[in-house]
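Visitor: Sharing a structure with you now.
Each reported figure results from applying straightforward, stated rules to the coordinates on display, with no laboratory input. Worth saying up front: this structure is predicted, and the values here are computed from it rather than measured. Neighbour counts are summed over all protein chains in view; Cβ atoms, including those assigned to glycine, are modelled from backbone coordinates with ideal geometry.
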Amino acid sequence: MPYEPHRIDIGANETWTPEFLSLNPNGKIPAIIDPDGPGGKPIGLFESGAILVYLGEKAGKLLPADPARRYETMQWVFFQMAAIGPMFGQVGFFRKNLPAANTKTSGHSSVTSTNPNVCSA
């Protein structure tokens, strides 16, 4: 599927420009615009899960046609966006921004203790 990536500098607050906010009013990445969306009309989407489901359906290759297998696949997509992505992001934040002496804080310990469970799923 052809695509054209665009660099968004979150450090420069580019997600808060009027142009980006017209695509995602939450001011967060990821976001996409498909100029050839449903009915041949452009569509803008945000949120990882919505984007993945949309691309899977559009490609016709990534989501099974069998309903049981389709829902099983979608549960793993939603697990990734609700657990893996956020938890790994938090681990990265705590490891980068908290000195080792503060690893017993409630936020740090809950995030790092949860990740082994997420990784073993």
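Visitor: Calculate the spin-label point distance for Ala82 paired with Trp16, positioning each point 7 Å from the Cα along the beta-carbon direction, and give it in nanometres.
Guide: With each label placed 7 Å out from Cα toward Cβ, I get 3.0 nm.
Visitor: Provide the FRET efficiency to the nearest 0.05 for the Lys61-Arg7 pair, computing r from the beta carbons and using R0 = 22 Å.
Guide: For Lys61 and Arg7, the calculated efficiency is 0.20.
Visitor: Show which aspartates and glutamates lie in cross-link reach of Lys28 when reach means a straight Cα distance below 19 angstrom and same-chain residues fewer than eight apart are skipped.
Guide: Once the sequence-local aspartates and glutamates are set aside, what remains near Lys28 is Glu4, Asp9, Glu14, Glu19, Glu47.
Visitor: Another one. Calculate, for Tyr71 and Ile43, the FRET efficiency according to 1/(1 + (r/R0)^6) with r their C-beta to C-beta distance and R0 25 Å; round to the nearest 0.05.
Guide: Efficiency, from the Cβ-Cβ distance: 0.60.
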